[in-house]
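Worksheet: one structure, shown below.
The values are calculated or read from the model by the stated rules, or taken from the named source; none is laboratory data. Because the structure is predicted, anything quoted here is derived from the model rather than measured. Cβ: placed from backbone, ideal geometry, glycine included. Neighbour counts: every protein chain shown. The area values use the complete protein model at the heavy-atom level, side chains included, leaving out ligands, DNA and RNA. Shrake-Rupley method; radii C 1.70, N 1.55, O 1.52, S 1.80 Å.
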Amino acid sequence: QVHLVESGGGLVQLGGSLRLSCTASGYTFSQYAMNWYRQAPGKERELVAVISYSGSSSTNYADSVRGRFTISRDNAKNTAYLQMNNLNFEDTAIYYCSTVVEGHRAWGQGTQVTVSS
């Protein structure tokens with residue numbers, strides 16, 4: 001069974017940085033892409049960043065975070081990361097990692113990121 005656990009969220013000042021982690025288990029991590037989503041209060045969940053399976057590890061980002069966020073993966077640790085720099089108020093949200101394994105989408109429980117002044 002696919003299991004995803006996020007960590008690293010918290011309270012950060014405007015312009016600060018955080019690194020989120022997503023530790024995976026229950027499947028062959030290196031063979032599947034990983035996504036980071038976020039959901040702000042009163043808004044729909046949105047895709048933030050994607051990293052492909054380890055063969056190419058290509059990445060893609062939402063326009064709102066491109067140039068500030070970096071997604072990466074460490075296959076030896078079964079962990080994906082989201083480095084978030086120059087955070088602004090609009091980045092306040094619950095952040096989720098997610099993957100699709102054999103047609104089934106799995107989600108982590110989420111980690112809260114709050115940007116304060």
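List of remarks:
- Solvent-accessible surface of the stretch 49-109, taken per residue with a 1.4 Å probe and all protein chains present: 50 Å².
- Shape call, the chain: gyration tensor on alpha carbons, a/c limit 1.5: prolate
- Signed unit charges on C-beta, dipole axis of the chain, positive-most listed residue Phe69, Pro41, Gly110: Phe69
- Once the Cα-Cα distance is subtracted from the 0.36 nm per residue extended length, the Ser57 to His104 segment shows a gain of 14.8 nm.
- Length added when fully stretched, Ser116-Asp74, from 0.36 nm per residue minus Cα-Cα: 12.1 nm
- The chain: antiparallel DSSP beta bridges as a percent of all, rounded to 5: 90 percent
- Percent carbon-and-sulfur accessible area, the chain, ignoring ligands, DNA and RNA, probe 1.4 Å: 47 percent
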